[in-house]
Structures are given as structure tokens and as C-alpha cells.
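Below is one structure, written out as C-alpha cells; comments come after it.
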Amino acid sequence: MKVLIIGGGGREHAIAWKIAQSPKVETIYCAPGNAGIAEFAECVDISVLDFDRQVAFAREHEIDLTIVGPDDPLVAGAADAFAKAGLRVFGPNKDAARLEGSKSFSKDLMKKYGIPTAGYETFDSPEEALSYLETARMPIVLKADGLALGKGVLICNTREEAKEGVKALMLDKQFGSSGDRIVAEEFMTGREVSVLSFVDGNTIKIMTSAQDHKRAKDGDEGLNTGGMGTFSPSPFYTKEIDDYCQKHIYEPTVRALRSEGIEFKGIIFFGLMLTEDGPKVLEYNARFGDPETQVVLPRMKNDIVEVFEACIDGTLDQIDLHFEENAAVCVVLASNGYPEHYEKGFPIKGLSSFRKKDGYYAFHAGSCFNEKGEPVTNGGRVLGITALGSDLKEARKHAYEAAQWVSFENKYMRNDIGKAIDDV
């Protein structure tokens with residue numbers, strides 16, 4: 001088989017690494033890819049949103065399967081472009097990707113079908129939103145309706161902060177047109193857990209759980225980021241919680257989409273809050289999480305290509321997902337200043353340390369090659385250093401050890417990834 005991956009981050013590196021293990025696959029291409037993905041795939045200089053060139057490339061190179069990694073191309077209709085050309089593609093179509101692409105769509109879907117989530121109101125005008133805030137309970141969560149690189153969520157503790165939040169989202173357009181409509185949501189407390197799943201339109205199969213760390217600095221201080229690290233499994237995601245979620249969240253979500261005439265084939269990522277009243281949905285994503293993928297796929301035993309094909313063919317009910325009885329921790333090495341201003345182009349040293357070591361991975365998120373052919377930094381999040389262990393504490397110890405093997409100028413990381421492990 002020949003496979004094409006769309007994307008160029010840590011998630012796509014983990015997917016490429018996993019696909020490379022499949023005996024079914026002969027050649028992998030990645031558009032645009034990065035310096036790490038280049039180890040497994042031929043990187044092609046095509047933008048993630050250039051569907052015409054992607055489809056032309058897939059036809060010319062007789063690609064058997066395309067996997068669309070990031071949210072923007074899915075929401076913009078990447079899967080539709082490939083399907084229209086008669087090419088096999090893994091990822092939800094534009095209609096189904098609204099589950100992530102529009103917060104108001106997903107909240108309305110949950111409300112209509114009784115899927116547990118926080119109470120909310122939707123606003124298309126800043127005046128209406130500000131008027132609502134005069135009497136709303138604080139703290140409150142404001143969310144840009146559209147995609148905002150995982151950063152369009154503001155937790156406002158006071159009425160003043162909430163009004164400033166409306167201004168930032170709707171008037172100052174901090175996240176562009178994503179903030180034309182906003183969702184004001186009841187603030188929930190509890191443990192956050194991420195659960196990824198494969199879906200074939202009818203059947204849903206749950207992967208292992210994970211927990212992300214969104215804030216830039218230790219102690220969950222600083223700005224929201226795309227994710228500074230993660231661990232899997234979550235010790236707080238018990239069998240009882242899984243049973244509850246299967247019955248009240250996972251199955252009902254797929255049924256709800258089907259009832260709306262939407263066939264969802266791909267990945268549904270459930271962002272959950274384990275509240276005192278039971279698990280509730282914080283958000284849906286319509287693709288693999290980043291950096292959650294970097295801890296989930298190294299623990300997965302299945303041939304991922306077989307699972308992708310089962311989702312496309314509607315035969316997921318015939319697949320049993322299996323995960324190792326171990327743990328994984330990922331520590332993101334970022335450029336100092338991320339998620340705001342940072343410099344790039346610095347050589348990355350020490351990557352060869354990973355080649356000889358089993359259970360240690362340096363997944364590239366923001367890297368490219370310089371004119372000398374050396375890997376250099378090319379983003380805010382540069383690497384996801386992932387390590388396995390027999391349990392979470394051992395995996396965390398290994399991940400932080402491995403984080404020291406790599407160096408680049410302005411390297412920055414959180415030192416408390418997996419701190420919740422100690423609360424168990």
C-alpha cells in the first residue's frame with residue numbers, strides 16, 4: 001500500500017511512526033511533514049489546506065489511503081475533496097467535522113439528545129453577550145465558536161474578566177472569525193480526561209484514556225497552549241466511569257449524529273470533566289489529539305492501517321482494540337516565549353540518543369531541515385518527548401530523563417507534567 005498523511009506536527013509524526021509498522025504499507029508520503037516525519041515518509045511541500053494539489057498528488061502517485069491529521073483541513077472539507085475524487089480517505093467529512101468546527105453545533109446536539117454537558121448560551125452579538133453577563137453566575141467559560149488552535153477558551157473568574165473576554169473574542173477578534181459567535185458556558189470543576197475513539201458511522205471503539213496539560217507554565221499557570229504534555233492512561237478513568245460514558249456519552253453521540261443524517265467516520269476525541277455529578281463533555285474534537293496521540297499510539301497493539309480501513313468500510317465491529325498494560329508520558333519541549341513570541345531556526349542536538357533505545361520517542365511537532373540538512377526548530381512546540389514505563393511514575397521518570405538528551409537554544413518545558421499521578 002501507498003499511504004499519504006496530511007499534516008506536519010507531533011500527532012502526524014506519531015501516526016507515521018505507527019503506520020510504518022504495518023506490514024501492509026510499502027510507501028508513506030506526508031504533506032507537508034517535518035524533520036522527524038522524514039525518517040518514515042517522503043515529505044511533500046503541499047499545504048494542509050491545498051486540497052487540489054493533495055488530490056492531484058494522490059492520483060499521480062496512486063495513493064491507496066490518505067489520513068487527514070489536523071482539524072482545519074477536516075473542517076474545511078479535505079475528506080470530501082478526496083472522496084469526490086474517488087480516493088480512500090480516513091477522516092470525517094465537512095458536515096461531520098462540525099462536531100469540532102462549531103461549538104454551538106456540538107452543544108446544541110448534546111442538549112437535543114440528552115448527552116451530559118455544562119449549561120450554556122450562544123451569542124452572535126457582543127451586546128447580547130454583555131447583557132447576559134450582568135446576571136450570569138461566575139466563574140464562567142467563554143468559547144470561540146470556531147477553531148482557534150485549541151486556545152479559544154477563556155475561563156473568567158469575575159464579571160469584569162468575562163466582559164474583557166467578550167471584547168477579546170468578539171470585538172478585538174483575537175481569534176479572527178472564530179469569535180464571531182461565542183458560547184458562554186457554566187464553569188465545571190473536576191478532573192479532566194481525554195478519551196479517543198474510532199468510529200465507522202455506526203460502531204464506536206474506545207482507545208485508552210489520557211490527560212493533557214494545557215497551560216504554558218508549571219502549576220497550570222500562564223496562557224493556554226496546544227498542550228505542554230500528557231500521560232496515559234488516566235488513573236482517574238475507572239471501569240465504572242468507562243461504563244457510564246459508554247452508555248450516556250459515547251454511544252449516544254454516534255446515535256445523535258446518525259439521527260441528524262450525519263455519518264461520522266474517523267476519530268472522535270472526547271474531552272471529559274469528571275464532575276461530582278458524573279462525567280460531562282467539555283468538548284469534542286474530530287481528529288486525534290495532539291499531544292495525546294503521542295502517548296496513546298505507542299501503547300496500541302493493533303495494526304493501525306487495519307483499523308483505519310475498518311472505519312472507512314463500516315466493519316469496525318469486527319475489530320478488537322488492544323493496548324499494552326503499561327503507561328506513557330509525553331513532555332513537550334517548546335521554544336521559550338510560546339504560545340506568544342518566540343524565535344526559531346535553532347539546531348536540535350541529541351536526537352540520535354533515541355535511535356538505540358526502545359520505549360523512548362522524540363516526536364517532532366515544529367521542526368524542519370536547514371540548508372545543511374540539519375534538523376532545526378520551526379515552531380512553538382518543537383518536540384514531544386515520550387517514554388513508556390511499567391506504570392505512570394516510571395514512564396514520567398523516563399520521559400524527563402529523555403528530555404535532557406535533547407538540546408536547542410531557547411528550549412523550554414514544564415517540570416510538572418503528570419503531577420496528578422501523585423494524587424492517586
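The values are calculated or read from the model by the stated rules, or taken from the named source; none is laboratory data. This one's a predicted model, so the numbers in the text were calculated from it and none came from an experiment. We place every Cβ from the backbone using ideal geometry, glycine too, and count neighbours over all the protein chains shown. Side chains included, ligands, DNA and RNA excluded: accessible areas come from the protein's heavy atoms. Shrake-Rupley method; radii C 1.70, N 1.55, O 1.52, S 1.80 Å.
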inquiry  = I'd like the FRET efficiency for K167 and K217, computed as 1/(1 + (r/R0)^6) with the beta carbon distance as r and R0 of 30 Å, rounded to 0.05.
reply    = 0.75
query = Please state the Cα pair-distance histogram of the stretch 309-424 with 10 angstrom bins from zero: what percent is in each bin?
reply = 13, 36, 26, 19, 6
key: Probe 1.4 Å, protein heavy atoms only - accessible area per residue of the chain in square angstrom   = 42
remark   = Between the alpha carbon centres of the stretch 186-238 and the stretch 48-104 the gap in Å comes to 25
query = Magnitude of the Cβ-charge dipole of the stretch 338-397, K/R +1 and D/E -1, about the Cα centre, nearest 20 debye?
reply = 240
note = The simple spin-label model distance between Q21 and K357, using points 7 Å out along Cα→Cβ, in nm, is 1.8
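Counting Lys and Arg as +1 and Asp and Glu as -1, what is the net charge of the other residues whose Cβ lies under 15 Å from the Cβ of L257?
Local net charge: +1.
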key: Carbon/sulfur fraction of accessible area - the stretch 188-245, other protein chains in place, 1.4 Å, %   = 48
query = Between K111 and I155, how many nm apart are label points set 7 Å from Cα along the C-beta direction?
reply = 2.4
Simple label model, 7 Å out from Cα along Cβ direction - E374 to I206, nm = 4.8
key: Candidates Q404, Q211, Q174: whichever shows maximal mean-square fluctuation once the chain is modelled as a Gaussian network with Cα springs under 10 Å   = Q404
task = Report, as a whole number in µm² per second, the diffusion coefficient that Stokes-Einstein gives for the chain at 4 °C and 1.567 mPa s using the Kirkwood radius over alpha carbon pairs.
result = 59
key: Accessible-area value, T225, 1.4 Å probe, nucleic acids and ligands omitted, Å²   = 0
task = May I ask you to rank R53, R215, R414 by accessible area, largest first, using a 1.4 Å probe over the protein chains only?
result = R53, R215, R414
key: Amide H contacts under 5 Å for L282, placed H, 5+ residues apart   = G271, L272, M273
inquiry  = How large a share of the accessible area of the stretch 351-396, in percent, is made up of carbon and sulfur atoms when the probe is 1.4 Å and the other protein chains stay in place?
reply    = 46
message = Could you tell me the calculated FRET efficiency between T238 and S47, based on Cβ-Cβ distance and R0 = 60 angstrom, to the nearest 0.05?
response = 0.90
